Amino acid sequence: MKRIFSGVQPSGNLTIGNYLGAIKQFVELQNEGDAFYCVVDLHALTVPQDPDELRKRSREIAQLYLACGVDPDKATIFLQSHVKEHAELGWLLQCVSYTGELNRMTQYKDKSEGKSAVHVGLYTYPVLMAADILLYDTTHVPVGDDQKQHIELTRDIAERFNGRYGDVLVIPEPQIQEFGARIMALDDPEKKMSKSAESEGSRIGILEPPERFRKKIMRAVTDAENEIRFDPEKKPGISNLLTIYSMFADVPVESLVERYAGQGYGTLKKDLVEVLEDKLGKIQQRFVQFDDQAELDNILRRGAEKARAVAEATLNRVKDAMGLVRFG
Ligand code: ATP
Ligand code: LTN
């Protein structure tokens with residue numbers, strides 16, 4: 001039986017990159033095993049957050065999981081801070097992690113670059129992520145391409161732990177799609193689309209109205225040619241639009257390339273806007289249907305209880321292995 005775990009930070013409004021790279025996989029995988037989908041609010045605290053905004057966003061991400069098709073009867077949905085074992089295992093794993101390996105993390109390097117003061121939490125962030133995953137005896141972690149390095153670190157930490165203390169932790173596998181694992185920024189297709197990037201024109205939010213995303217698609221950076229071809233190296237802008245189109249419309253890229261042969265970029269962009277209007281429109285409608293906050297809190301409460309039971313058992317195994325005293 002597969003055990004699936006993944007998380008999304010409530011650090012901004014979810015983008016179509018988050019949807020295509022991660023959440024779409026969450027929905028597919030919930031039918032293939034025992035899935036835990038977490039809103040990693042403790043991770044969001046690694047950079048400054050407005051407290052009221054953070055509270056609002058944390059619930060909103062959970063509501064978006066539901067709107068995108070995560071079914072609380074199949075998967076466990078919860079907030080990271082509701083299961084204290086995450087923070088606790090995070091500490092224990094810090095004591096088997098090396099500063100040398102954290103120094104190599106590219107997300108840390110990117111997020112701390114040019115800042116005069118960086119919180120310790122941003123540095124130890126990947127160890128907390130390892131704790132998230134390892135607490136659930138996870139076998140598969142569906143994520144976008146940018147998280148590969150963090151999962152490799154998680155595997156290294158778990159293998160080291162098992163080498164020192166015995167066979168305690170399950171070694172997880174990243175589940176990264178071959179296609180769509182890295183949706184690029186619309187205004188700069190050399191960079192990944194990110195919910196916390198400064199430029200608004202770089203991303204499309206899942207909850208964004210068509211009048212806002214239409215402009216962003218029409219202005220999306222392409223190239224000086226006028227040939228629609230899938231070539232991420234030489235034509236990153238057009239290839240990114242083709243990827244987004246293909247994944248939302250569920251049509252292979254090759255078919256799109258055939259369909260648009262000899263046509264201009266403008267036609268492709270206009271049609272993509274229509275596809276997004278349809279697909280995001282449906283998610284947005286479902287989002288409103290799940291707006292009952294009391295019901296949402298019930299789902300999160302139930303989720304936390306279920307998650308805690310699994311997490312507590314793993315944490316006890318870890319504590320016993322490390323030599324911490326527990327009363328019988
Ligand atoms: P931030 O900008 O705050 O770092 P983010 O947009 O990168 O956020 P995360 O919360 O870090 O999003 O990621 C949630 C999930 O979405 C992760 O599995 C991540 O790999 C995936 N993801 C994020 N951006 C993209 C993208 N552009 N393409 C594909 N997957 C993505
Ligand atoms: N680091 C991830 C979010 C994250 C996560 C996790 C993903 C935190 N804990 C556990 C998968 C599994 C990110 O920035 N996208």
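The values are calculated or read from the model by the stated rules, or taken from the named source; none is laboratory data. The model shown is predicted, which means the values in this text are computed figures rather than measured ones. Backbone-built Cβ (ideal geometry, glycine too); neighbour counts: all protein chains shown.
Restricting to helices (runs of 4 or more DSSP H) lying wholly in region 139-258: which have 2 or more residues that are at negative phi, within 12 Å of ligand 1 (Cβ to nearest atom) and within 19 Å of the chain's Cα centre (by Cα)?
Working: elements: 148-165, 210-218, 236-249.
Passing ranges, in order: 148-165, 236-249.
Quick test for you: out of 304, 249, pick the one residue that is touching a His at 6+ places or on another chain (Cβ under 7 Å), surrounded by 15 or more Cβ atoms within 10 Å (Cβ to Cβ) and either of a type in the set (Gly, Ala, Ser) or under 22 Å from residue 182 (Cβ atoms) (or both).
On the way: 249 fails: touching a His at 6+ places or on another chain (Cβ under 7 Å).
Result of the check over 304, 249: 304.
Consider only pairs whose beta carbons are under 9 Å apart and that are at least six residues apart or on different chains; among these, list those whose first residue lies in region 106-132 and is over 24 Å from residue 311 (Cα atoms) and whose second residue is in a helix (DSSP H, G or I) and polar (S, T, N, Q).
106/149; 107/147; 107/149; 109/103; 118/112
List, please: which pairs have Cβ atoms under 8 Å, are six or more places apart or on different chains, and start with a residue in region 307-328 that is under 24 Å from residue 79 (Cβ atoms) and end with one that is acidic (Asp, Glu)?
Final answer for the pair search is 308/85; 310/137; 311/85; 312/85; 314/85; 314/137; 315/85; 315/88.
Kindly indicate which of 273, 288 is of a type in the set (Val, Ile, Thr), in a helix (DSSP H, G or I) and out of contact with any Phe, Trp or Tyr (no Cβ under 9 Å at 6 or more places or on another chain). Explain how you work it out, then say what you get.
Working: 273 fails: out of contact with any Phe, Trp or Tyr (no Cβ under 9 Å at 6 or more places or on another chain).
Only one candidate qualifies: 288.
What is the residue count in region 5-31 for residues that are among the hydrophobic types (A, V, I, L, M, F, W, C) and within 10 Å of ligand 2 (Cβ to nearest atom)? Steps first, please.
We begin by selecting, within region 5-31, every residue among the hydrophobic types (A, V, I, L, M, F, W, C); these are 5, 8, 14, 16, 20, 22-23, 26-27, 29.
Now restrict to residues that are within 10 Å of ligand 2 (Cβ to nearest atom): 5, 8, 22.
Selection size over region 5-31: 3.
Exactly one condition in (1) more than 16 Å from residue 29 (Cα to Cα); (2) surrounded by 20 or more Cβ atoms within 10 Å (Cβ to Cβ) is false for residue 156; which is it?
The failed condition is (2).
Looking at (1) exposed (fewer than 15 other Cβ atoms within 10 Å of the Cβ); (2) part of a strand (DSSP E or B); (3) not basic (Lys, Arg), which one does residue 91 not meet, given that it meets all the others?
(2) is the only condition that residue 91 fails.
Only one residue in 222, 138 is buried (at least 18 other Cβ atoms within 10 Å of the Cβ), within 13 Å of ligand 2 (Cβ to nearest atom) and not charged (D, E, K, R). Which one?
Being buried (at least 18 other Cβ atoms within 10 Å of the Cβ), within 13 Å of ligand 2 (Cβ to nearest atom) and not charged (D, E, K, R) holds for just one of 222, 138, which is 138.
Would it be correct to say that residue 144 is in contact (Cβ under 8 Å) with a residue 60 or more places away in the chain, within 14 Å of ligand 2 (Cβ to nearest atom) and within 25 Å of residue 25 (Cβ to Cβ)?
yes
Hey, among 115, 111, which residue is of a type in the set (Lys, Arg), modelled with pLDDT under 95 and part of a loop (DSSP other than H, G, I, E, B)?
Details: 111 fails: part of a loop (DSSP other than H, G, I, E, B).
So the residue among 115, 111 that is of a type in the set (Lys, Arg), modelled with pLDDT under 95 and part of a loop (DSSP other than H, G, I, E, B) is 115.
Quick one: which of 129, 193 is buried (at least 17 other Cβ atoms within 10 Å of the Cβ), within 13 Å of ligand 2 (Cβ to nearest atom) and closer than 29 Å to residue 303 by Cα?
Values: 193 fails: closer than 29 Å to residue 303 by Cα.
None of the other options fit; the residue is 129.
Do you know which residues across region 298-312 are among the small types (Gly, Ala, Ser) and within 22 Å of the chain's Cα centre (by Cα)? Break it down into steps so the answer makes sense when it comes.
So in region 298-312, the residues among the small types (Gly, Ala, Ser) come out as 303-304, 307, 309, 311.
Within region 298-312, 303, 304, 307, 311 meet the criteria.
Could you figure out which of (1) at pLDDT 95 or above; (2) within 14 Å of ligand 2 (Cβ to nearest atom) isn't true of residue 34?
All conditions are met except number (2).
Going by what's in this entry, would residue 99 be described as more than 20 Å from residue 140 (Cβ to Cβ) and touching a Gly at 6+ places or on another chain (Cβ under 6 Å)? Lay out the reasoning, then the answer.
Details: more than 20 Å from residue 140 (Cβ to Cβ): yes; touching a Gly at 6+ places or on another chain (Cβ under 6 Å): no.
Taking the combined requirement at face value, the residue does not satisfy it.
Mind telling me which of the residues 262, 266 ends up being part of a helix (DSSP H, G or I), more than 16 Å from ligand 2 (Cβ to nearest atom) and over 25 Å from residue 25 (Cβ atoms)?
Details: 262 fails: part of a helix (DSSP H, G or I).
Checking each option against the conditions leaves just 266.
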